[in-house]
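Contents: one structure, followed by commentary.
The values are calculated or read from the model by the stated rules, or taken from the named source; none is laboratory data. Given the structure is predicted, the values throughout are model-derived calculations rather than measurements. Positions of Cβ are backbone-derived with ideal geometry, glycine not excepted, and every protein chain shown enters the neighbour counts. Heavy atoms of the whole protein, side chains included, go into the accessibility calculation; ligands, DNA and RNA do not. Shrake-Rupley method; radii C 1.70, N 1.55, O 1.52, S 1.80 Å.
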Amino acid sequence: MNDAWAALRARHSETRDRTILSLFDTAGRAEAFSAQTGDMLFDYAKTNIDAETRAALIDLLEAADVAGRRAAMFAGQPINETEGRAVLHTALRNLDGGPVLVDGQDVMPGVLETLERMRVFANHIRDSDITDVVNIGIGGSDLGPAMAVQALSPYHDGPRCHFVSNVDGAHIADTLRGLEAKTTLVIVASKTFTTIETMTNARTAKAWMQEEGGNPGTQFAALSTAADKTAAFGIPAERVFGFEDWVGGRYSVWGPIGLSLMIAIGPKGFDAFLRGGQAMDQHFRHADWAENLPALLALVGIWHAQVCGYESRAVLPYDQRLSQLPDYLQQLEMESNGKGVQMDGSAVTVSSGPVVWGAAGTNGQHAFYQLIHQGTRVVPCEFMVAAQGHEADLAHHHQLLIANCLAQSEALMRGRNLDVARDRMAEAGFTGDECERQARHRVFEGNRPSTTLIYPQLDPFTLGAIVALYEHRVFVEGVVLGINSFDQWGVELGKELATSLQPIVEGSEGAQDKDGSTAALVDFVHRHRG
Ligand code: F6P
């Protein structure tokens, strides 16, 4: 590994002073630095990666034995070593695949049986007088279905779906207000069925339903691995959809946690979503690294974060319906690869996964793009856009959307130099020092890298492929960094301290064991809560 990293650092030193734009002097740059699977094209030509750098990046994959780890994952080996679990969310979308073995047992019959139960239940709800579905969950039990339900709104033909995640009472109060309890289905989505936010919201929803004349006995469903706990909560087994511990929370939208999506778009639409994910799995397993979209996305990410030292990356979907994708990817990427310890317990030798953030274009252009274009930090940008929207009568909106997306990546790469800025200011009537001063504010350094993912239309199949693409990208990055991408010990300490702080905030225990700052903040709460 060390040699592969050293080669990349050397490559960075050799190439850092050239411009990305200059790479286009070589004919065929766009074709050579893009890859396609199905109808989906990933363009990374607007980065400073050339053939030699790409080869050095691929050496990193070989040195880390990504192919071996990939085979181990798909074969159901316990690659989540700190929890002793297999990682098999891919089995949930293995619709036409063969057996998938965990400890010698084929898990597919169970997967397909649960999927069929979900279909029957979803159809039953869609045919009933249920008008609204409230999914109560947090993290992976919320972000995936919430993002996908919004992304696929043109395909909705079922009840309205709402999502409650935050323990802040404002979230559930605002969501339930205006809903009719008698025609609402509440889905409690929690892998563990212990998460404090979800269980607090679930109890509040149950009380609301009882008070408002609904029937929690028939209008609650649960999505969980913990059958004993769902029973204790009072949800009958026929409305509990279970899954196994080899499905990580942030990888769980493909199974029962996706029930709200299935209810919204119907079982056929959900199947198409699964098939999109499965198609990406096949591509990931069989395409050469230089043509392999998840591997390329990972390599571009590694080049920017671990080699060039750029500390964040922006995800910029030019699609209003993907406005929750950055939130979803924050959990997927940062909960997976935001770790400082390698699988063997030693410290990670390069920086861990980058900060992932973003927003839908064009809104972001009017918020934070200023920093992306002229700030002192380089933020690699990941654009995505569909060739076609769903609003046929508003095609001109979509053309404008695409033009903006392409304009941003072009502007980031080209920039605008001082001479051009000076000419512009002179044309505007400025002269002398004032012309110079004004011109300097209008310089765009340029040479800022970006990638673009483009596809015909955001349909269920394509969304499935996009989500699986990012999942495998995270996997590849994790393997290269030596990280276990499938645990999340970093969320535990805060949870433990919140539990110990609850009685202190309530006032039944004193804050004497807390630090002075925490004690003073608790004291402020006590004095001001009325
Ligand atoms: O934030 C930690 C976490 O464990 C996530 O990994 C998970 O998606 C989320 O909490 C919710 O967990 P559960 O589905 O068990 O309620």
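Placing +1 on the Cβ of every Lys and Arg and -1 on the Cβ of every Asp and Glu, with nothing else charged, gives the chain a dipole about its Cα centre of roughly 600 debye.
With contacts taken as Cα pairs under 8 Å at a separation of at least 6 residues, the chain carries a relative contact order of 18 percent. What shape does the stretch 198-262 take by its C-alpha gyration tensor, where a ≥ b ≥ c are the square roots of the eigenvalues and a/c under 1.5 counts as rounded, a/b above b/c as prolate, and the rest as oblate? Prolate, since a/c reaches 1.5 and a/b exceeds b/c.
Please go through the residue pairs LYS206/LYS229; LYS339/LYS495; LYS229/LYS495; LYS191/LYS514 and name each one whose alpha carbons sit more than 24 Å apart in this structure.
Working: LYS206/LYS229 15 Å; LYS339/LYS495 18 Å; LYS229/LYS495 20 Å; LYS191/LYS514 32 Å.
Table pairs above 24 Å Cα-Cα are LYS191/LYS514.
Using the Karplus relation 6.51 cos²θ - 1.76 cosθ + 1.60 with θ = phi - 60°, the per-residue 3J(HN,Hα) values for the stretch 153-170 come to 4, x, 9, 6, 9, x, x, 5, 10, 10, 10, 10, 10, 6, 6, 3, x, 4 Hz, with x marking Gly and Pro. Computed from Cα positions, the angle between helix 432-441 and the longest principal axis of the chain comes to roughly 40 degrees. Placing +1 on the Cβ of every Lys and Arg and -1 on the Cβ of every Asp and Glu, with nothing else charged, gives the stretch 89-271 a dipole about its Cα centre of roughly 180 debye.
Label sites at GLU496 and THR15, each approximated as a point 7 angstrom past Cα along Cα to Cβ, lie 4.4 nm apart. Simple spin-label estimate for ALA75 and ARG117 gives 3.1 nm between the two label positions (7 Å along the Cα-to-Cβ direction from each Cα). Think of a 1.4 Å ball rolled over the protein heavy atoms: the chain then has 44 Å² of accessible area per residue. Label reach from TRP489 (point 7 Å along Cα→C-beta): in the stretch 321-346, amide nitrogens under 13 Å belong to 339-346.
Taking all protein chains together and rolling a 1.4 Å probe, SER517 ends up with roughly 80 Å² accessible. Carbon-plus-sulfur accessible fraction, the chain (probe radius 1.4 Å, protein heavy atoms only): 51%. Between helix 460-481 and the chain there is an angle of about 70 degrees, using the helix long axis and the longest principal axis of the Cα atoms. Within 12 Å, Cβ to Cβ, of ALA421, how many net charges do the neighbouring residues add up to if Lys/Arg are +1 and Asp/Glu are -1? Computed value for this residue: +1.
Pull out a ≥ b ≥ c, the square roots of the eigenvalues of the alpha-carbon gyration tensor of the chain, then state rounded if a/c is under 1.5, prolate if not and a/b is larger than b/c, and oblate in the remaining case.
Prolate, since a/c reaches 1.5 and a/b exceeds b/c.
Between THR218, THR90, PRO236, the Cα set farthest toward the positive side of the dipole of the stretch 89-271 (charges on each charged residue's Cβ, about the Cα centre) is that of THR218.
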